[in-house]
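Report on the structure given below.
The values are calculated or read from the model by the stated rules, or taken from the named source; none is laboratory data. Remember, predicted model here, so these are calculated numbers, not experimental data. Don't worry about glycine lacking a Cβ; one is built from the backbone with ideal geometry, like all the others, and counts go over all protein chains shown. Calculation scope for accessible area: heavy atoms of the full protein, side chains included, ligands and nucleic acids excluded. Shrake-Rupley method; radii C 1.70, N 1.55, O 1.52, S 1.80 Å.
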Amino acid sequence: MFITGYAVMAGAAERLVLGYDSFGNICGRKNTPVKGAPLSGQDMTNNKYVFFLNSCSLEMQSLKISSVSLCVSSCPQEQLNSLEDLQSFARNNGSCLCVYNLNVSSYTLNAKAAELCPALPVPPSKSFPLFNRCVPQNPECYSKYASVLISMVNEMDVFHRILSGILAGRDTVIGLTFLALAFSFILVLAFRFIRTLLVHTLIALVVFGLLFVSGVLWWLYYDYRSDPSTELETEKENVRFLLGYAIFSTIVTVLLLSLILTLRKRLQFTVQLFRIVGKIIGRIPFLLFQPLWTFLILTVFWLFWVAVLLSLGTAGTAQTTSGGQVEYRALSGISYMAWYHFVGLIWTSEFILACQQMTIAGAVVTCYFNRNKNNPPPHPVLASISVLFCYHLGTAVKGSFLITVLRIPRIVLLYLYNILKQKESACAKCLFKCCFCWFGCQESCLRYFNQHAYTITAINGTNFCTSAKDAVFILAKNSAKLVSISCFGDFILFLGKVFVVCFTVFGGLMAFNYHRELQAWVVPLLLVGFFAYLMSHCFLCVFEVTADAMFLCFAIDMETNDGSEEKPYFMDQELLTFVCQSNKLTEGQKHRSTRRFQDNEDGTELQPMV
């Protein structure tokens, strides 16, 4: 909370991308006065562009451009050769190109007009979208201006370049987030009424999306790499990130295609599984709409998090210099606060998702252990939310914290790998990758056990540690029955998440590539992919948690009851039949594999003696 309050008070996110003049005014907004700067505090709502008085003779000094800058409403489209031309341009376009305290009528009368107005002749210029600067179009001026601008962008640290890209492409990021929301909602409705044809269609779309996105990434990498105009450091970072995206996408495509070919024979059982899960969801009112509330909470939190991040990136103090001009000096230690803020993003997001999982698990447990299936308990979702907030918030906090603890080393390893990949040997790179994958596997396993621990908490009301221990014991005892059944169902749901991410990222590639002036767009694209995955996980989590909670309840039901009149099962006959058929299929496959191994163990077939 201290970082949040400090960032909002000390930062000005608009200054990063909108630009500001030499007198402390942020272009495109109404400003507050700065002490000691008489020309500060002006209303620049209509003046959105930064104009330099000496645009043809700029110089860089300590990341500062040594020229007076102004906020103007429009850039001059034609060359202005005299003070009369400047005066006519101001009167016709409402854009004053001289210092604010010089009245338009005094352009040709004031003796100091030559010092307070731009150097003549003023070249024609156009606005540059990323930083809202008036860029001269005269070839000679443009080359000098571009060299200074490239130096300024290249000398900025990565943190500020990323923030500039996020702000410049904020509308595209928001639009792609809602596109992911639409894809996720369509998939939820599709899984609710799933049929065999839908599974085949989903698999075909995922395969097409993976191949297509991989091909587009490799094409964009080649296109950017062969572009001779690539000079900005952000453009070079785009090329490096595109190569990493392309390699990662290709590896994921190969692995998923191999898994699809391996598990293709269990499609029919997946259809039956989702039919049973759909019936359970149908008995619980409003369970299918639970992700909407989670999405709204996540959206509000993400917007708040991005606002604080942008404020951190622009946190600084305004200092008055000679002539009433203002400089903003960044504060030390901001980058460390940004890392702390990033940990908060992971932990809070995981905590919100954990609360959703516990809510769904509690509702499913309530309905499963209800003897009268025709008369389900009233408002199970609301009851589950009430129990969560009254008794089990600590369980959600602990589970999400453990996932965060395993997620942070992966991020640190990835960060170190990107820094040291130019210097380290191949063995060191391989070690980094192995550690990264190991932490990823541990995180996936922990996420799986956390989910079952939440279900045990909903059943017994025990704390997180006790529930996790009981979940491990039950899963170890019934792993042969449960894992083989839910494995392919979870895989199909994962393909659904991949479908949402693939087509959202593809839309982002097309949108960002169309606006190449948004230089630092690879990190916003990564954020889009992250948000798309979280959103699809948020929606499809209903089916995943329902299925896992149902099978865990089934295992406990089998442990405590025997199907007799004294101890009847809570389960439906359809669920019992499905589990038995699935286990027979699994045992049959194991038996055939063992039989083939035994027949070929000695290399010859034994014949009976005559």
If we ask which residues in region 97-122 are without any contact (Cβ under 8 Å) to a residue 60 or more places away in the chain, part of a loop (DSSP other than H, G, I, E, B) and surrounded by fewer than 16 Cβ atoms within 10 Å (Cβ to Cβ), their number turns out to be 7
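So is residue 133 in the same structural domain as residue 87 (by the TED database), open to solvent by 20 Å² or more (accessible area, probe 1.4 Å) and either under 44 Å from the mean Cα position of the chain (by Cα) or at pLDDT below 80 (or both) or not? Before you say what the answer is, go through the steps one by one.
Working: in the same structural domain as residue 87 (by the TED database): yes; open to solvent by 20 Å² or more (accessible area, probe 1.4 Å): yes; either under 44 Å from the mean Cα position of the chain (by Cα) or at pLDDT below 80 (or both): yes.
Criteria met by residue 133.
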Only one of (1) more than 16 Å from the chain's Cα centre (by Cα); (2) at pLDDT 75 or above does not apply to residue 350, and that is (1)
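Results for (1) over 20 Å from the mean Cα position of the chain (by Cα); (2) at pLDDT below 90; (3) closer than 16 Å to residue 293 by Cα; (4) open to solvent by 20 Å² or more (accessible area, probe 1.4 Å), shown as yes or no for each residue.
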| residue | (1), (2), (3), (4) |
| --- | --- |
| 334 | yes, yes, no, no |
| 346 | no, yes, no, no |
| 354 | no, no, yes, no |
| 359 | yes, no, yes, no |
| 364 | yes, no, no, no |
| 372 | yes, yes, no, yes |
Checklist line | Test result for residue 413, open to solvent by less than 40 Å² (accessible area, probe 1.4 Å), in contact with a Gly (Cβ under 9 Å, 6 or more places away or on another chain) and without any contact (Cβ under 8 Å) to a residue 40 or more places away in the chain | finding: no
Q. Does residue 494 satisfy being aromatic (Phe, Trp, Tyr), open to solvent by 10 Å² or more (accessible area, probe 1.4 Å), modelled with pLDDT of 80 or more and out of contact with any helix residue (DSSP H, G or I) (no Cβ under 6 Å at 6 or more places or on another chain)?
A. yes
Condition check: modelled with pLDDT of 80 or more and part of a helix (DSSP H, G or I). Does residue 146 satisfy that? no
Only one of 425, 444, 479, 384 is polar (S, T, N, Q) and either at pLDDT 80 or above or crowded, with 17+ Cβ neighbours inside 10 Å (or both), namely 384
Picked from region 526-543 (must be farther than 22 Å from residue 362 by Cβ and over 8 Å from the mean Cα position of the chain (by Cα)), the residue modelled with the highest pLDDT is 536
If we ask which residues in region 36-51 are among the hydrophobic types (A, V, I, L, M, F, W, C) and either open to solvent by 30 Å² or more (accessible area, probe 1.4 Å) or over 14 Å from residue 134 (Cβ atoms) (or both), their number turns out to be 3
